[in-house]
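Just below is one structure, and these are the notes that go with it.
The values are calculated or read from the model by the stated rules, or taken from the named source; none is laboratory data. This structure is a prediction, so every number in the text was calculated from the model and none was measured. Neighbour counts run over all protein chains shown; Cβ positions are idealised from the backbone, glycine included.
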(Lines give C-alpha, C1' and ligand atoms only; values in the text may rest on other atoms or scores of the structure.)
Protein backbone atom coordinates (compact mmCIF):
# COMPACT_ATOMS: atom_id res chain seq x y z
CA UNK A 1 0.00 0.00 0.00
CA UNK A 2 1.35 3.43 -0.92
CA UNK A 3 2.48 5.79 1.83
CA UNK A 4 0.86 9.23 2.06
CA UNK A 5 4.21 10.82 1.22
CA UNK A 6 4.52 8.70 -1.92
CA UNK A 7 0.96 9.46 -3.05
CA UNK A 8 1.53 13.20 -2.67
CA UNK A 9 4.75 12.89 -4.61
CA UNK A 10 3.08 11.02 -7.45
CA UNK A 11 0.31 13.62 -7.90
CA UNK A 12 2.79 15.76 -9.79
CA UNK A 13 6.03 13.96 -10.52
CA UNK A 14 7.08 16.44 -13.17
CA UNK A 15 6.61 19.46 -10.95
CA UNK A 16 8.46 17.99 -8.00
CA UNK A 17 11.77 17.59 -9.78
CA UNK A 18 11.75 21.29 -10.69
CA UNK A 19 10.30 22.96 -7.63
CA UNK A 20 11.26 20.84 -4.62
CA UNK A 21 14.72 19.77 -3.54
CA UNK A 22 14.87 16.16 -2.48
CA UNK A 23 18.33 16.84 -1.06
CA UNK A 24 16.75 19.23 1.44
CA UNK A 25 15.04 16.26 3.08
CA UNK A 26 16.92 15.06 6.14
CA UNK A 27 18.32 11.61 5.38
CA UNK A 28 18.62 9.13 8.22
CA UNK A 29 21.88 8.65 10.13
CA UNK A 30 22.17 5.25 8.51
CA UNK A 31 21.88 6.84 5.07
CA UNK A 32 24.50 9.46 5.89
CA UNK A 33 26.86 6.75 7.10
CA UNK A 34 26.24 4.74 3.94
CA UNK A 35 26.95 7.79 1.80
CA UNK A 36 30.29 8.25 3.60
CA UNK A 37 31.12 4.59 3.16
CA UNK A 38 30.24 4.40 -0.54
CA UNK A 39 31.24 7.82 -1.85
CA UNK A 40 34.93 7.29 -1.19
CA UNK A 41 35.59 10.92 -2.03
CA UNK A 42 33.01 13.48 -1.04
CA UNK A 43 29.83 12.50 0.77
CA UNK A 44 28.66 16.12 0.62
CA UNK A 45 28.32 15.88 -3.15
CA UNK A 46 24.66 16.88 -3.85
CA UNK A 47 24.21 13.99 -6.30
CA UNK A 48 25.48 11.47 -3.76
CA UNK A 49 23.16 12.90 -1.13
CA UNK A 50 20.30 12.86 -3.63
CA UNK A 51 20.91 9.21 -4.48
CA UNK A 52 20.80 8.04 -0.86
CA UNK A 53 17.86 10.27 0.01
CA UNK A 54 15.97 8.65 -2.85
CA UNK A 55 16.95 5.19 -1.62
CA UNK A 56 15.46 6.10 1.75
CA UNK A 57 12.34 7.68 0.30
CA UNK A 58 11.43 4.85 -2.07
CA UNK A 59 12.44 1.87 0.05
CA UNK A 60 9.90 -0.89 -0.53
CA UNK A 61 8.24 0.81 -3.51
CA UNK A 62 7.95 -0.77 -6.96
CA UNK A 63 8.01 0.79 -10.42
CA UNK A 64 4.54 -0.66 -10.94
CA UNK A 65 3.34 1.58 -8.06
CA UNK A 66 3.99 4.72 -10.11
CA UNK A 67 0.77 6.29 -11.30
CA UNK A 68 0.02 5.44 -14.93
CA UNK A 69 2.38 2.45 -15.05
CA UNK A 70 1.58 -0.97 -16.44
CA UNK A 71 3.55 -4.00 -17.53
CA UNK A 72 3.06 -4.58 -21.25
CA UNK A 73 3.97 -7.48 -23.50
CA UNK A 74 4.86 -7.34 -27.18
CA UNK A 75 6.59 -9.77 -29.55
CA UNK A 76 9.96 -8.89 -27.97
CA UNK A 77 8.90 -9.60 -24.38
CA UNK A 78 7.70 -7.61 -21.38
CA UNK A 79 8.59 -4.13 -20.18
CA UNK A 80 7.11 -1.25 -18.18
CA UNK A 81 5.06 1.51 -19.77
CA UNK A 82 4.22 4.73 -17.90
CA UNK A 83 1.53 7.00 -19.32
CA UNK A 84 0.50 10.47 -18.21
CA UNK A 85 -1.90 12.97 -19.78
CA UNK A 86 -1.81 16.70 -19.06
CA UNK A 87 -3.11 19.96 -20.45
CA UNK A 88 -1.20 22.04 -22.98
CA UNK A 89 -1.95 25.10 -25.06
CA UNK A 90 -0.30 24.52 -28.44
CA UNK A 91 -0.97 26.55 -31.56
CA UNK A 92 1.11 27.61 -34.58
CA UNK A 93 -0.20 30.63 -36.49
CA UNK A 94 -0.69 29.44 -40.07
CA UNK A 95 -2.29 32.62 -41.40
CA UNK A 96 0.68 34.83 -40.56
CA UNK A 97 3.05 32.25 -41.99
CA UNK A 98 1.20 32.18 -45.32
CA UNK A 99 1.53 35.96 -45.51
CA UNK A 100 5.26 35.68 -44.85
CA UNK A 101 5.65 33.17 -47.66
CA UNK A 102 3.63 35.26 -50.09
CA UNK A 103 5.91 38.26 -49.49
CA UNK A 104 9.23 36.40 -49.65
CA UNK A 105 10.47 37.03 -53.17
CA UNK A 106 13.59 34.97 -52.46
CA UNK A 107 11.47 31.85 -52.84
CA UNK A 108 11.45 32.59 -56.57
CA UNK A 109 14.45 31.05 -58.38
CA UNK A 110 17.23 33.49 -59.33
CA UNK A 111 16.11 36.08 -56.76
CA UNK A 112 18.53 36.69 -53.88
CA UNK A 113 18.46 39.29 -51.09
CA UNK A 114 19.85 42.12 -53.25
CA UNK A 115 17.47 41.44 -56.12
CA UNK A 116 14.54 41.15 -53.72
CA UNK A 117 15.35 44.55 -52.23
CA UNK A 118 15.53 46.13 -55.67
CA UNK A 119 12.26 44.53 -56.81
CA UNK A 120 10.42 45.70 -53.69
CA UNK A 121 11.72 49.22 -54.26
CA UNK A 122 10.20 48.96 -57.74
CA UNK A 123 6.82 48.07 -56.20
CA UNK A 124 6.81 44.27 -56.34
CA UNK A 125 5.50 43.65 -52.82
CA UNK A 126 4.74 39.93 -53.09
CA UNK A 127 5.20 36.93 -55.36
CA UNK A 128 1.85 37.42 -57.09
CA UNK A 129 2.90 40.88 -58.19
CA UNK A 130 5.72 39.22 -60.17
CA UNK A 131 3.33 37.27 -62.39
CA UNK A 132 3.56 39.94 -65.11
CA UNK A 133 7.28 40.45 -64.71
CA UNK A 134 9.11 39.66 -67.94
CA UNK A 135 11.96 37.78 -66.30
CA UNK A 136 10.42 36.27 -63.17
CA UNK A 137 6.75 35.82 -64.12
CA UNK A 138 6.99 32.16 -65.11
CA UNK A 139 8.99 31.26 -62.00
CA UNK A 140 6.54 33.15 -59.78
CA UNK A 141 3.62 31.16 -61.19
CA UNK A 142 5.34 27.87 -60.33
CA UNK A 143 6.11 29.00 -56.79
CA UNK A 144 2.56 30.22 -56.17
CA UNK A 145 1.22 26.82 -57.22
CA UNK A 146 3.63 25.03 -54.87
CA UNK A 147 2.65 27.27 -51.95
CA UNK A 148 -1.09 26.94 -52.57
CA UNK A 149 -1.25 23.22 -53.38
CA UNK A 150 1.92 21.75 -51.90
CA UNK A 151 2.05 19.79 -48.67
CA UNK A 152 4.26 20.41 -45.67
CA UNK A 153 7.32 18.71 -47.17
CA UNK A 154 6.92 20.56 -50.49
CA UNK A 155 6.95 23.92 -48.71
CA UNK A 156 9.82 22.89 -46.43
CA UNK A 157 11.99 21.83 -49.37
CA UNK A 158 11.04 24.95 -51.34
CA UNK A 159 12.20 27.18 -48.51
CA UNK A 160 15.37 25.17 -47.87
CA UNK A 161 16.35 25.22 -51.54
CA UNK A 162 15.64 28.83 -52.41
CA UNK A 163 16.22 30.88 -49.27
CA UNK A 164 17.24 28.44 -46.49
CA UNK A 165 15.37 30.45 -43.87
CA UNK A 166 15.34 28.38 -40.65
CA UNK A 167 12.40 30.27 -39.19
CA UNK A 168 10.17 29.65 -42.19
CA UNK A 169 11.28 26.03 -42.39
CA UNK A 170 10.20 25.51 -38.78
CA UNK A 171 6.90 27.31 -39.29
CA UNK A 172 6.01 24.79 -41.99
CA UNK A 173 5.09 22.62 -39.01
CA UNK A 174 1.89 24.68 -38.81
CA UNK A 175 0.59 22.80 -41.85
CA UNK A 176 0.69 19.51 -39.97
CA UNK A 177 -1.98 17.88 -37.84
CA UNK A 178 -0.94 18.37 -34.25
CA UNK A 179 -1.52 14.71 -33.44
CA UNK A 180 1.15 13.74 -35.97
CA UNK A 181 3.93 15.18 -33.78
CA UNK A 182 6.03 12.66 -31.83
CA UNK A 183 8.19 14.42 -29.24
CA UNK A 184 10.96 11.96 -28.35
CA UNK A 185 13.94 11.66 -26.03
CA UNK A 186 16.04 8.72 -24.80
CA UNK A 187 18.13 7.96 -21.72
CA UNK A 188 21.10 5.61 -22.11
CA UNK A 189 23.91 3.95 -20.19
CA UNK A 190 26.55 5.76 -22.24
CA UNK A 191 27.32 7.44 -25.53
CA UNK A 192 27.44 4.39 -27.83
CA UNK A 193 26.94 0.62 -28.01
CA UNK A 194 25.20 0.38 -24.64
CA UNK A 195 21.55 -0.23 -23.70
CA UNK A 196 18.81 2.37 -23.88
CA UNK A 197 17.19 2.38 -20.45
CA UNK A 198 14.23 4.64 -21.26
CA UNK A 199 12.48 5.97 -24.34
CA UNK A 200 9.89 8.71 -23.91
CA UNK A 201 7.45 9.85 -26.56
CA UNK A 202 4.79 12.55 -26.16
CA UNK A 203 1.76 13.02 -28.43
CA UNK A 204 -0.88 15.75 -28.58
CA UNK A 205 -4.53 15.61 -29.49
CA UNK A 206 -5.67 17.14 -32.78
CA UNK A 207 -6.53 20.49 -31.17
CA UNK A 208 -3.29 20.85 -29.23
CA UNK A 209 -5.11 21.04 -25.89
CA UNK A 210 -3.69 17.94 -24.22
CA UNK A 211 -0.47 15.97 -24.41
CA UNK A 212 0.13 12.37 -23.42
CA UNK A 213 3.59 11.15 -22.48
CA UNK A 214 4.39 7.47 -22.86
CA UNK A 215 7.62 6.13 -21.40
CA UNK A 216 9.07 2.68 -21.91
CA UNK A 217 11.33 1.86 -18.97
CA UNK A 218 13.98 -0.83 -18.80
CA UNK A 219 13.29 -2.64 -15.53
CA UNK A 220 16.15 -4.97 -16.37
CA UNK A 221 18.64 -4.94 -19.24
CA UNK A 222 17.03 -7.98 -20.88
CA UNK A 223 13.96 -5.86 -21.70
CA UNK A 224 15.65 -3.46 -24.13
CA UNK A 225 14.22 -4.99 -27.31
CA UNK A 226 10.70 -4.73 -25.81
CA UNK A 227 11.37 -1.07 -24.98
CA UNK A 228 12.44 -0.45 -28.59
CA UNK A 229 9.39 -2.24 -30.00
CA UNK A 230 7.09 -0.28 -27.71
CA UNK A 231 8.50 3.01 -28.98
CA UNK A 232 8.43 2.00 -32.66
CA UNK A 233 4.73 1.11 -32.36
CA UNK A 234 4.00 4.87 -32.11
CA UNK A 235 5.57 5.73 -35.48
CA UNK A 236 4.21 5.54 -39.00
CA UNK A 237 4.86 7.29 -42.30
CA UNK A 238 2.61 10.21 -41.30
CA UNK A 239 4.52 10.88 -38.08
CA UNK A 240 6.62 13.99 -37.51
CA UNK A 241 9.47 13.40 -35.09
CA UNK A 242 10.55 16.30 -32.85
CA UNK A 243 13.77 16.00 -30.84
CA UNK A 244 16.57 18.09 -29.38
CA UNK A 245 19.89 16.95 -30.85
CA UNK A 246 18.10 13.79 -31.93
CA UNK A 247 19.53 13.76 -35.45
CA UNK A 248 23.05 13.38 -34.03
CA UNK A 249 22.28 11.23 -30.99
CA UNK A 250 18.83 9.75 -30.30
CA UNK A 251 17.84 8.60 -33.80
CA UNK A 252 21.16 6.92 -34.76
CA UNK A 253 21.38 5.43 -31.25
CA UNK A 254 17.96 3.81 -31.64
CA UNK A 255 18.89 2.59 -35.12
CA UNK A 256 22.08 1.03 -33.75
CA UNK A 257 20.22 -0.78 -30.96
CA UNK A 258 17.57 -2.03 -33.41
CA UNK A 259 20.36 -3.41 -35.60
CA UNK A 260 21.87 -5.10 -32.53
CA UNK A 261 18.61 -7.00 -31.97
CA UNK A 262 18.01 -7.44 -35.73
CA UNK A 263 14.76 -5.52 -35.42
CA UNK A 264 13.14 -3.92 -38.46
CA UNK A 265 13.04 -0.14 -38.28
CA UNK A 266 11.96 0.97 -41.74
CA UNK A 267 9.75 3.92 -40.78
CA UNK A 268 11.37 7.24 -41.65
CA UNK A 269 9.22 10.04 -40.19
CA UNK A 270 9.89 13.65 -41.06
CA UNK A 271 12.22 15.00 -38.40
CA UNK A 272 12.50 18.42 -36.76
CA UNK A 273 15.66 18.59 -34.63
CA UNK A 274 15.08 21.75 -32.60
CA UNK A 275 18.75 22.28 -31.73
CA UNK A 276 19.42 23.69 -35.22
CA UNK A 277 16.63 26.23 -34.85
CA UNK A 278 17.68 27.07 -31.30
CA UNK A 279 21.17 27.88 -32.53
CA UNK A 280 19.78 30.25 -35.14
CA UNK A 281 17.71 32.04 -32.50
CA UNK A 282 20.06 32.14 -29.52
CA UNK A 283 23.65 31.16 -30.34
CA UNK A 284 24.79 34.80 -30.10
CA UNK A 285 22.74 35.51 -26.98
CA UNK A 286 23.48 32.55 -24.71
CA UNK A 287 26.65 30.87 -23.39
CA UNK A 288 25.67 27.73 -25.29
CA UNK A 289 22.58 26.06 -26.73
CA UNK A 290 22.29 23.17 -24.31
CA UNK A 291 18.71 22.37 -23.44
CA UNK A 292 19.17 23.29 -19.77
CA UNK A 293 20.77 26.63 -20.73
CA UNK A 294 17.81 27.55 -22.94
CA UNK A 295 15.39 26.47 -20.23
CA UNK A 296 17.11 28.71 -17.71
CA UNK A 297 17.64 31.83 -19.83
CA UNK A 298 14.66 31.73 -22.20
CA UNK A 299 11.98 29.88 -20.25
CA UNK A 300 13.10 30.78 -16.70
CA UNK A 301 13.20 27.12 -15.67
CA UNK A 302 15.78 25.97 -13.14
CA UNK A 303 15.93 22.21 -12.66
CA UNK A 304 16.37 21.09 -9.07
CA UNK A 305 17.74 17.67 -8.18
CA UNK A 306 18.23 16.88 -11.85
CA UNK A 307 20.52 13.97 -12.70
CA UNK A 308 23.03 14.94 -15.42
CA UNK A 309 23.36 12.50 -18.30
CA UNK A 310 26.88 11.56 -17.23
CA UNK A 311 25.53 10.28 -13.87
CA UNK A 312 22.57 8.32 -15.26
CA UNK A 313 24.55 5.04 -15.62
CA UNK A 314 25.58 5.20 -11.96
CA UNK A 315 22.04 5.96 -10.76
CA UNK A 316 20.64 3.14 -12.91
CA UNK A 317 23.25 0.66 -11.70
CA UNK A 318 22.40 1.63 -8.11
CA UNK A 319 18.73 0.96 -8.85
CA UNK A 320 19.64 -2.54 -10.04
CA UNK A 321 22.15 -3.26 -7.29
CA UNK A 322 19.94 -2.07 -4.42
CA UNK A 323 16.67 -3.31 -5.94
CA UNK A 324 15.29 0.14 -5.09
CA UNK A 325 13.48 2.38 -7.60
CA UNK A 326 14.63 5.61 -5.90
CA UNK A 327 17.62 6.40 -8.17
CA UNK A 328 15.51 5.66 -11.26
CA UNK A 329 12.67 8.05 -10.35
CA UNK A 330 14.46 11.35 -11.21
CA UNK A 331 15.58 9.84 -14.54
CA UNK A 332 11.94 9.07 -15.37
CA UNK A 333 10.88 12.56 -14.28
CA UNK A 334 13.71 14.19 -16.25
CA UNK A 335 12.71 12.34 -19.41
CA UNK A 336 9.02 13.14 -19.06
CA UNK A 337 9.78 16.80 -18.54
CA UNK A 338 12.03 16.79 -21.63
CA UNK A 339 9.47 15.36 -24.04
CA UNK A 340 6.63 17.60 -22.85
CA UNK A 341 8.96 20.61 -22.97
CA UNK A 342 9.76 19.86 -26.61
CA UNK A 343 6.16 20.68 -27.53
CA UNK A 344 6.38 23.98 -25.67
CA UNK A 345 9.78 24.72 -27.23
CA UNK A 346 8.44 24.11 -30.74
CA UNK A 347 5.52 26.45 -30.09
CA UNK A 348 7.74 29.16 -28.59
CA UNK A 349 10.36 28.94 -31.34
CA UNK A 350 7.72 29.38 -34.04
CA UNK A 351 6.60 32.55 -32.22
CA UNK A 352 10.16 33.84 -31.87
CA UNK A 353 11.10 33.56 -35.56
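Return a yes/no flag: does the range 310-320 have any residue that is under 15 Å from the mean Cα position of the chain (by Cα) and either part of a loop (DSSP other than H, G, I, E, B) or surrounded by fewer than 22 Cβ atoms within 10 Å (Cβ to Cβ) (or both). No, every residue in the range 310-320 fails to be under 15 Å from the mean Cα position of the chain (by Cα) and either part of a loop (DSSP other than H, G, I, E, B) or surrounded by fewer than 22 Cβ atoms within 10 Å (Cβ to Cβ) (or both).
Considering only the range 249-274, how many residues are in contact with a helix residue (DSSP H, G or I) (Cβ under 8 Å, 6 or more places away or on another chain) and either within 13 Å of residue 349 (Cβ to Cβ) or without any contact (Cβ under 8 Å) to a residue 12 or more places away in the chain (or both)? Selection size over the range 249-274: 3. For residue 48, the conditions (1) in a helix (DSSP H, G or I); (2) modelled with pLDDT of 95 or more; (3) under 30 Å from residue 224 (Cα atoms) are fulfilled apart from (2).
In this structure, is residue 226 at negative phi and surrounded by 18 or more Cβ atoms within 10 Å (Cβ to Cβ)? Yes, satisfied. A single member of 273, 250 is buried (at least 19 other Cβ atoms within 10 Å of the Cβ) and either closer than 13 Å to residue 170 by Cα or touching a strand residue (DSSP E or B) at 6+ places or on another chain (Cβ under 6 Å) (or both), and it is 250.
State which residue is surrounded by the fewest Cβ atoms within 10 Å (Cβ to Cβ) when the search covers only the range 85-110 and only residues that are in a loop (DSSP other than H, G, I, E, B) and without any contact (Cβ under 8 Å) to a residue 40 or more places away in the chain. Among those residues, the one meeting the criterion is 110.
Per this entry, residue 281 is counted among residues that are part of a helix (DSSP H, G or I) and either in contact with a strand residue (DSSP E or B) (Cβ under 7 Å, 6 or more places away or on another chain) or in the same structural domain as residue 201 (by TED's automatic domain parsing) (or both).
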